[in-house]
Protein chains: 4
Amino acid sequence: MKTKDFRSIVTNYKAVFFDAFGVLKNHKGIIPGVENTFDFLDEQGIDYYILTNDASRSPEALAQVYQDKGMVGITTDKIISSGMLAHDWLKLKIKSGRVAYLGTEQSAHYIEKAGLETLSINRLNLEDVDDIKCLVFLDDEGFDWNDDINKVINLLRKKNMTVIVANTDVNYPVNRTDIAIAIGGISDMVEQILGRHFIRFGKPDAQMFMFAYEKACARQPMTRDDVLMVGDTLFTDIIGGNKFGMDTVLVLSGNTLPENAKMKIRSTGIIPTYVCGSVASF
Amino acid sequence: MKTKDFRSIVTNYKAVFFDAFGVLKNHKGIIPGVENTFDFLDEQGIDYYILTNDASRSPEALAQVYQDKGMVGITTDKIISSGMLAHDWLKLKIKSGRVAYLGTEQSAHYIEKAGLETLSINRLNLEDVDDIKCLVFLDDEGFDWNDDINKVINLLRKKNMTVIVANTDVNYPVNRTDIAIAIGGISDMVEQILGRHFIRFGKPDAQMFMFAYEKACARQPMTRDDVLMVGDTLFTDIIGGNKFGMDTVLVLSGNTLPENAKMKIRSTGIIPTYVCGSVASF
Amino acid sequence: MKTKDFRSIVTNYKAVFFDAFGVLKNHKGIIPGVENTFDFLDEQGIDYYILTNDASRSPEALAQVYQDKGMVGITTDKIISSGMLAHDWLKLKIKSGRVAYLGTEQSAHYIEKAGLETLSINRLNLEDVDDIKCLVFLDDEGFDWNDDINKVINLLRKKNMTVIVANTDVNYPVNRTDIAIAIGGISDMVEQILGRHFIRFGKPDAQMFMFAYEKACARQPMTRDDVLMVGDTLFTDIIGGNKFGMDTVLVLSGNTLPENAKMKIRSTGIIPTYVCGSVASF
Amino acid sequence: MKTKDFRSIVTNYKAVFFDAFGVLKNHKGIIPGVENTFDFLDEQGIDYYILTNDASRSPEALAQVYQDKGMVGITTDKIISSGMLAHDWLKLKIKSGRVAYLGTEQSAHYIEKAGLETLSINRLNLEDVDDIKCLVFLDDEGFDWNDDINKVINLLRKKNMTVIVANTDVNYPVNRTDIAIAIGGISDMVEQILGRHFIRFGKPDAQMFMFAYEKACARQPMTRDDVLMVGDTLFTDIIGGNKFGMDTVLVLSGNTLPENAKMKIRSTGIIPTYVCGSVASF
């Protein structure tokens, strides 16, 4: 573990994978100075991808936020969301019938784009479940927790089906001090109460990294040593990147506070290759 | 493990502890024939207590259900609810300030009776939390899960305080086929997301059995061998009773289905002294 | 949470419950100055008990260590070990047959004293298990881990029986820097691999505190407010004491280091009434 | 879930991935009739790979067992062991220093082949750990559990390092009735006691399937629909295969007994595409 300036680290790699929240964005929007970093990467010819545990919005919508701030290199194909893995899975495995979901209509995009009929949990009738083939946890909004989480429990008791969790995060920040429970936290509770085993997509899982790595390799030949993973969370970004065989940078602009970083690395045994204050540059 | 008729078992004991749901009651109300069993116990001079993981209603309200069906021996002092343990704790440990809670106004009875000022989570203002001394999980109703569970998360991040879970059950039946998430399930999710350690009251915890045992001993001298615990759930009633040193009866009228009983006892290693179909008699 | 001198705290209570390791003893033996504290307690007429998660040695042997250092008030009846709870359970519930155990011959004392025939796991023949009624985890020494932990696994697969863990601790210090896996850690692995549910004795469980509290009340009338629990570990001593309704002191002479205490209290939500450097006095 | 004959299923796929133990082998060796199935696959031009959670022996040694029984198509390159993923990781990430391991000398092959200096945990001196870069859990044999598991605990307390678990299985069968704890079970205990997070290789992890899938695609173009995963364990083979997007067959010749299959699928929510008695044919 070596503390260094981000620019001096990144120039040793052919591609960078960034986590979004806590690295490029925070509750106020894009972190100031991040645009300079992307200019630098473009100048240096270093490729980049954004790997985000998010199934609430489409890759197009996710990319637009960066486009709006002038980071024109961050196009839709640079975004890898956990929702995309769920989408690919559904497209491959579900051939007919309806797919029930927890989330907003916007999040259901990931199912619809797979050519499948969607059914929001809040419109589900427990007497009419025969053609439901799969349940997907997409977003924590768009349904009534009191009624609809209990409806999910009874749907799964009534009809056994594969359950997909399209975002493994258990919480997310909503402002400087507060957090909210993410759909991954709700799915954990349901899984626990029923004793079932759901299929989860998102970091630290290897599929997320594989997806991005294949994209990067398609543009230029490289090995896993040539990729740098940048994240603010030891349990998702860093352990996932380490396991995949990439070098990793822990940044202190999000989930891991500067005063706790050393202690957390020590107590978890999750050791990033580097630690940086932030990826922003001026 | 011996399968026997309930009457032939119970006559060997001085006192019986009954779980309520799945043993004496189900979703339709008191199980028919249970009233005959209580007549029999009264005739035989066998003492009885009802131990229930419940903090939604007062012992008075819980007893009234039996009274209404003519079981006049089941008076308030025969009811031991997990809410009563929470009440005793609050009375002993909280001397001033407000106690926030998740649950109905009816469930807040357990806090008010301890002489404390209550504050429903749905009326809590996160800007005004200085005098909140404790948070209590009482019931799954009486608040908005979307808003108020997130409010709980941020309350505990803002102010460190002891958290009490007054019912450890994770779900409960609502009709012949469906279940609902109980407050214990919600508290598990919050604890998990925050990494905190809450104080839980309810079976299988020893305090519940100790409370009932002391009541029984006050009426007539006995040892733990003289008490029979009757329940429908291996993980709460039976393991709790076994650990406390009492003999135990698993009944098959609730949570544990006749076709699964043998396999569940084998796979969990939780072995009741006896197995009975039901405590009802005709 | 208030940081104060131990003497100024303890004078407000009628009885004190001490954890042993990290509070009164460390790897070098009795912590210097502890003997003065017991002189002070004797002078002030404050009653005391030692509650220890230990099933490796008899209460007599445990008391002798204090006697040898001149603390003559710490007699056998002042010691409450988790092994004693296991002993009481065995005496109450097992009437015949053999009891298999993991531990030293010295630890088997807790079974023998219950009038039962013991069988060390290392002498167990898997072809002759019919009369084995119970398995007890007592101590991490006295058997061959490679052979005998696997033997335990297959014993429990062959014959379903109640399993008792007589010490819930997962590790213990062996010198200034090193620790060793305790029998509670081994029992967790076995339980996990088999999917079984064992009966555990030891802090933070209520039975331990109840046992000591009844002894204290037998000497002089008191309520739970009158008792102070002193420990070095948040997860056993402090949460257990808090739940039982006693005031608690976290001391920083053992498991919880001075530099981490505040952060650990914050992150776990386990809040002692007081924090003290040590109970030793000069 | 449809119950069908294995031959009638497999002809719809371009490649098959087999789990080894419980599918092709059991405690007596290769399951009779399995050789006919491989003849059939060869005739039909269906490609096959063996995916095994095993780091105790080299792929060469694993392949030899099949060769010896006349299955000459099962060459070393058809074997994908979890040890191989560990080997690839070590080769990529560790450039110097020594790698400590738990396992036999035979299992250390996976480290040596990566060009690294190995050190068995039983030869490790805790006073000389500065150049140890990584610890690898390989096999449950080859070390003294009493001494060496405690040595592992203290090694990791002394020096923070990344820990690799080269086989996630928690147990394995040793004969018709008995099982033994596998290295994955020991690593779980160590991780739990220390509160660390290790890197695990083996099914159900995606990397295992990715490795095999890339090999299959290199021989002939295919998509994930063209691959059939065959296994005896819901929690590793089936959920892993389902998540990777392949069709799956649960066979009843190993871990999952015919009488429990339906109930286990129901209770876990892990649903194979097909269920077969066995892959053997005559």
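The values are calculated or read from the model by the stated rules, or taken from the named source; none is laboratory data. From a predicted model like this one, the values you see are computed outputs, not experimental measurements. Reconstructed Cβ throughout: ideal geometry from the backbone, glycine too, with neighbour counts over all protein chains shown. The accessibility values were calculated without ligands, DNA or RNA, using every heavy atom of the protein model including side chains. Shrake-Rupley method; radii C 1.70, N 1.55, O 1.52, S 1.80 Å.
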>> Using protein chains only and a probe of 1.4 angstrom, how many square angstrom of residue B:143 are accessible, to the nearest 10?
In response: 10
>> Run the label-point distances for residue B:117 please: 7 Å along Cα to Cβ, every other copy, nanometres, shortest first.
In response: 5.7, 6.7, 6.9
>> Only bridges whose two residues both fall in the stretch B:84-200 count here: according to DSSP, what percent of them are antiparallel, nearest 5?
In response: 15
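In chain D, what percentage of the DSSP-assigned beta bridges are antiparallel, given to the nearest 5? Display every interim value, and only then the final one.
Working: 5 of 41 bridges.
Roughly 10 percent of the beta bridges in chain D run antiparallel, per DSSP.
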>> Suppose we compare each residue of the stretch A:224-260 in its chain alone and in the full protein complex with a 1.4 Å probe; which ones drop by at least 20 Å² of accessible area?
In response: A:224, A:225, A:235, A:239, A:242, A:243, A:245
> Are there GluC sites (Glu not before Pro) in the stretch C:183-282 that DSSP puts in a loop and that have at most 10 other Cβ atoms within 10 Å, and which ones?
Replying inline: C:259
> How high is the relative contact order of chain C, in percent, counting Cα pairs under 8 Å that sit 6 or more residues apart?
Replying inline: 23
> Percent of alpha carbon pairs in the stretch A:22-162 separated by more than 24 Å?
Replying inline: 41
> Placing a label point 7 Å from Cα toward Cβ, how far apart in nm is residue B:7 from its equivalents in the other copies, listed shortest first to one decimal?
Replying inline: 6.3, 7.0, 9.1
> trypsin sites (Lys or Arg not before Pro) within the stretch C:150-187: which are DSSP loop residues with at most 15 other Cβ atoms inside 10 Å?
Replying inline: C:159, C:176
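Computed over the Cα atoms, what is the radius of gyration of the stretch C:84-200 divided by 2.2 N^0.38 Å, N being its residue count?
Taking N as the residue count of the stretch C:84-200, the ratio is 1.01.
Pairs to check: B:243/D:151; B:95/C:264; B:264/D:4; B:95/C:25; A:4/A:91. Give those whose C-alpha atoms are more than 31 Å from each other in this structure.
Violating the 31 Å limit, Cα to Cα: B:243/D:151; B:95/C:25; A:4/A:91.
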> Name the GluC sites (Glu not before Pro) in the stretch D:76-117 that are in a loop by DSSP and that have at most 13 other C-beta atoms within 10 Å, would you?
Replying inline: D:105
>> I need the inter-copy label distances for residue A:174: point set 7 Å along Cα to C-beta, values in nm with one decimal, smallest first.
In response: 2.4, 5.0, 5.5
>> Tell me the carbon and sulfur percent of the accessible area for the stretch C:1-126, rounded to whole percent, probe radius 1.4 Å.
In response: 46
> Quick one: in the stretch D:204-282, what % of C-alpha pairs are over 20 Å apart?
Replying inline: 33
>> At a probe of 1.4 Å, how much accessible area disappears from chains D and C on forming the pair, both sides counted, to the nearest 100 Å²?
In response: 2000
>> 5 Å is the cut-off here: which amide hydrogens, built 1.01 Å from N in the peptide plane, fall below it relative to residue D:180, excluding neighbours closer than 5 in sequence?
In response: D:172, D:174
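Can you list the equivalent-ellipsoid semi-axes of the stretch B:177-224, largest first and in whole Å, using the square root of 5 times each Cα gyration tensor eigenvalue?
Result for the stretch B:177-224: semi-axes of 33, 15, 6 Å.
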>> Using alpha carbons only, how many angstrom separate the centre of the stretch B:35-112 from the centre of the stretch B:196-267?
In response: 17
> Based on the Cα atoms of chain D, what semi-axes does the equivalent ellipsoid have, where each is the square root of 5 times one gyration tensor eigenvalue, given in whole Å with the largest first?
Replying inline: 34, 20, 17
> Quick one: Debye curve from the C-alpha atoms of the protein assembly as shown, no solvent, what's log10 I(q)/I(0) at q = 0.08, 0.09 Å⁻¹?
Replying inline: -0.95, -1.23
> In the Gaussian network model of chain A, springs joining C-alpha atoms below 10 Å, which of A:223, A:168, A:256 carries the largest mean-square fluctuation?
Replying inline: A:223
